[in-house]
2 protein chains.
Amino acid sequence: MQGSSPGAAPGPQPDLGAVYLEEHRELVLEEIRRIIRAGSPGDDRAYRLMLDYPLRRAKGLRPALCIAVCRALGGEREEVLPSAAVVEMYHNAFLIHDDIEDGSLTRRGGPALHRTHGVPAAVNCGDGLLALTLGPLLANTDRLGLGRALRILDVYARAVIESFEGQAQELSWIDEGTWQLTDADYESMVRRKTCSYSFVAPGLVGAAVAGAEPRLEALLVSFLESLGLAFQIQDDLLNLEEGRADYGKELAGDLWEGKRTLMLLHALRSAREADREEALRILRKPRPAAGSPEAGLADLLRGMVEERIIDEAGRAAMMRYLDRRAASSGEKTEDDVRFLWRLIDDHGGIEHARGVAGRHAASAEVRWRELAEVLADSVHKRFIGWLKDYVVQRTW
Amino acid sequence: MQGSSPGAAPGPQPDLGAVYLEEHRELVLEEIRRIIRAGSPGDDRAYRLMLDYPLRRAKGLRPALCIAVCRALGGEREEVLPSAAVVEMYHNAFLIHDDIEDGSLTRRGGPALHRTHGVPAAVNCGDGLLALTLGPLLANTDRLGLGRALRILDVYARAVIESFEGQAQELSWIDEGTWQLTDADYESMVRRKTCSYSFVAPGLVGAAVAGAEPRLEALLVSFLESLGLAFQIQDDLLNLEEGRADYGKELAGDLWEGKRTLMLLHALRSAREADREEALRILRKPRPAAGSPEAGLADLLRGMVEERIIDEAGRAAMMRYLDRRAASSGEKTEDDVRFLWRLIDDHGGIEHARGVAGRHAASAEVRWRELAEVLADSVHKRFIGWLKDYVVQRTW
């Protein structure tokens with residue numbers, strides 16, 4: 001699938017994406033360090049916290065996309081770097097708050113920030129990263145002139161609102177226990193929550209730095225929306241895949257969290273009445289939380305045996321009571337999650353989601369051919385082509 | 001104390017502030033509704049959530065200050081209203097996240113947002129209010145021209161960073177158990193966390209809308225910093241005062257939370273070694289949390305008696321064990337908080353804080369006389385004078 005873009009030069013393309021990502025990740029991290037130091041000097045603790053997620057293992061797709069679009073359109077690296085750093089800072093701020101909101105346990109191969117530093121510091125750290133994005137965007141007025149700087153601010157403001165809206169939509173489904181959802185509902189949520197700030201905005205920011213024409217911007221939006229949808233569906237599919245230890249999230253964390261995905265929505269729509277009822281009963285249950293009364297109780301009962309307040313037989317009887325209680329009204333169990341998994345498998349949920357992702361990837365491919373015609377060959381253009389194929393490969 | 005500003009017209013001044021606040025609060029709320037509707041149409045749930053705190057009983061000091069400064073300097077109401085609304089939206093976003101970070105139970109006479117709608121929705125709601133502040137500030141370019149719009153964005157960006165820094169400072173003291181702090185440490189934190197976005201920024205935004213000169217801006221900053229410090233110290237003093245049911249926070253919530261205040265820091269510095277040790281032991285304990293393992297445990301044990309898993313004697317023995325455990329290593333008790341209160345009283349903590357607040361209020365008074373000389377008489381100027389006196393009156 002590599003090198004399908006018309007006019008791409010031959011060469012060792014399989015490594016192109018990895019090299020491009022790694023090189024730009026370093027540049028962007030250096031820029032982020034500079035921004036944090038300049039914006040908030042002297043507070044080493046807050047500074048370290050803000051760099052925690054950015055420094056973990058990550059591909060840096062968003063800033064690389066921003067830079068590649070800008071440079072493929074003739075913009076300079078120095079012109080786009082601060083805005084690309086902002087794109088990555090916003091992403092990390094979003095992840096920190098998203099992990100709190102979803103109750104995620106891990107992120108990028110380590111514990112989520114609110115678990116290592118507590119919810120208060122994590123909420124504030126996300127706010128701090130957000131706060132520091134404004135300075136570089138305002139400094140763009142000197143760097144790029146008012147027109148381009150304001151265009152970038154407009155793009156950024158819209159993306160930030162849309163990701164809030166997508167998140168609000170998802171949280172309201174969770175809060176109200178809504179599961180009767182169409183694929184279009186899912187896509188409307190993902191378009192705002194993920195596509196907007198992860199694909200469309202990085203591309204439009206890069207285009208704005210390069211001073212791209214509106215016609216080209218429209219083509220870019222269409223390309224990146226399709227690419228973003230394919231990417232997110234594939235992200236959900238990867239979360240489902242068991243045993244991929246290098247994926248960096250808890251295994252099938254989405255099922256434990258009760259996240260709305262195409263696979264699960266399809267299975268719920270296709271399942272027999274009784275299975276759907278059982279699935280909905282499971283999905284109403286919260287995931288087991290560290291620090292819940294039940295979790296604390298097991299520790300306390302062990303302590304009571306040691307202090308001879310109760311004996312071992314008493315402890316065992318009480319633990320059996322707790323297990324019965326958890327099974328009837330408590331939290332999701334591993335058996336519950338396995339039930340959901342089987343339901344998805346039995347009704348072809350994975351094939352369904354792959355099909356939808358494939359259609360979005362095909363749309364992206366069509367748009368890419370149009371875009372590729374107007375872009376001169378460069379390593380940056382080739383990287384965008386690589387990124388498109390990377391998303392496609394993730395899909396099937 | 002009313003009407004001390006030179007050149008102020010005679011009249012029924014005791015009501016001036018209340019009338020001015022009420023009138024502008026309505027205008028600002030209407031503008032906030034417009035901004036939320038325009039920025040995020042169609043999402044009624046998120047919209048209602050964002051209006052929850054703004055619609056609760058509140059004075060609206062910040063936007064009123066912003067408008068009054070602008071108009072006292074000759075600016076128009078329509079020019080400043082969107083930016084004043086942004087000031088109030090930022091304040092509410094900050095409060096929503098601050099309540100999560102401090103574990104506050106109530107806000108403005110009702111339960112904190114994260115307690116009524118959960119932490120996930122509250123984190124996202126604060127992010128949403130923040131996201132929606134960018135649009136009106138960017139639209140200022142059309143309304144006010146580029147120069148003034150960019151100046152306002154600069155002021156806003158600085159305030160947002162400073163309030164993050166102040167919050168990070170306070171959280172790091174809590175996290176690291178730091179209590180050996182001077183009044184200057186406290187003031188450095190408050191200057192960034194509260195004064196900046198609550199007093200200095202509203203004033204500077206108003207001045208920027210009116211196109212004020214740099215010399216006047218510097219005078220304004222100096223006036224508003226002193227006023228903001230006096231205000232925050234008085235806010236801390238009010239929190240300590242018991243029995244003021246109309247104050248809208250939990251009684252002495254600051255002591256339960258272990259907040260660093262001038263009163264407590266002074267008492268810790270002045271106390272005998274043994275009392276200081278006891279106070280620090282208390283302050284290390286968390287406040288009792290609804291839903292802690294211990295709280296859930298009492299319920300569970302009662303359930304076990306009902307289901308004959310254990311008998312009443314067993315339950316009583318276990319509860320005694322839990323009480324011993326809580327007393328030695330558990331959460332703050334009412335006796336603990338009373339001990340802190342007495343320590344503050346015994347060492348003149350309240351008088352000390354009042355004295356410091358009084359000195360800041362006196363500085364504000366001096367600056368105000370300078371400012372008042374260059375401002376023509378108007379209801380807006382008189383409101384600023386009223387606000388200064390209001391802060392002073394709160395102080396003694």
**Q.** segment B:125-163-segment B:25-80 distance, computed between alpha-carbon centres (Å)
**A.** 14
Q: With the Cα gyration tensor of the protein assembly as shown in hand, convert its eigenvalues to equivalent ellipsoid semi-axes via √(5λ) and list them largest first in whole Å.
A: 45, 41, 22
Q.
Please compute the modelled spin-label separation between A:A18 and B:D346, points set 7 Å along Cα→Cβ, answer in nm with one decimal.
A. 6.8
Q | Across the identical copies, how the B:D183 labels are spaced - nm, sorted shortest first, 7 Å along Cα→Cβ | A | 6.9
Q) Cα to Cα, under 13 Å, and not fewer than 8 places away if on the same chain: which aspartates and glutamates meet these conditions relative to B:K388? A) B:E225, B:E365
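Counting only heavy atoms of protein chains, what accessible area per residue, in Å², does the protein assembly as shown have with a probe of 1.4 Å? Kindly include the intermediate steps, with their values, before the conclusion.
Working: 31580 Å² over 792 residues.
I get 40 Å² per residue for this part.
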Q) So for chain A, taking the charge dipole from beta-carbon charges (+1 Lys/Arg, -1 Asp/Glu), which of A:C195, A:L138, A:M89 sits furthest toward the positive end? A) A:L138
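Per residue of B:128-138, what is the mean number of Cβ atoms on other protein chains within 10 angstrom of that residue's Cβ?
Details: counts 7, 1, 6, 11, 4, 2, 9, 6, 1, 3, 5.
The per-residue average across the peptide is 5.
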Q | Label spacing, shortest first and in nm, from A:G110 to its equivalents in the remaining copies (7 angstrom along Cα→Cβ) | A | 3.9
Q. Using a label point 7 angstrom from Cα along Cα-to-C-beta, what distances in nm, from shortest up, separate A:V337 from the other copies?
A. 4.0
Q: Only Lys, Arg, Asp and Glu count, each charged at its Cβ (+1, +1, -1, -1), so figure out the dipole size of chain A about its Cα centre, rounded to 20 debye.
A: 380
Q) Any idea what Rg and Dmax come out to for segment B:332-378 if you just take the C-alpha atoms, in Å? A) 18.7, 55
Q. Once the dipole of chain B is set up with Lys and Arg at +1 and Asp and Glu at -1 on Cβ about the Cα centre, which of B:G258, B:V160, B:G206 lies farthest towards its positive end?
A. B:G206
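So, with +1 on the Cβ of K and R and -1 on the Cβ of D and E, and no other charges, what is the size of the charge dipole of the protein assembly as shown about its Cα centre, to the nearest 20 debye? The partial results should precede the final answer.
Working: 102 positive and 124 negative charges, 139 e Å.
That gives a dipole near 660 debye.
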Q. Rounded to a whole number, what % of the accessible area of the protein assembly as shown do carbon and sulfur atoms account for, probe 1.4 Å?
A. 51
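Segment B:192-235: D in µm²/s via Stokes-Einstein (Kirkwood Rh, Cα pairs, 10 °C, 1.306 mPa s)?
The diffusion coefficient I find is 152 µm²/s.
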Q: Beyond 23 Å between alpha-carbons counts as too far, so tell me which of A:K59/A:K332; A:K59/A:K285; A:K59/A:K193; B:K59/B:K381 fall in that bin.
A: A:K59/A:K332; A:K59/A:K285
(Q) Rounded to the nearest 100 Å², what is the buried accessible area between A and B, both sides summed, probe 1.4 Å? (A) 4800
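Can you pull the Kirkwood radius for chain B, inverse mean 1/r over Cα pairs, to one decimal in Å?
Working: mean 1/r = 0.0438 Å⁻¹.
For chain B, inverting the mean 1/r across all distinct Cα pairs yields 22.8 Å.
The values are calculated or read from the model by the stated rules, or taken from the named source; none is laboratory data. These figures come from a predicted structure and were not determined experimentally. A quick note on method: Cβ atoms are made from the backbone with ideal geometry, for glycine too, and the neighbour counts reach across all protein chains shown. Quick note on the areas: whole protein, heavy atoms, side chains included, nothing else; ligands and nucleic acids left out. Shrake-Rupley method; radii C 1.70, N 1.55, O 1.52, S 1.80 Å.
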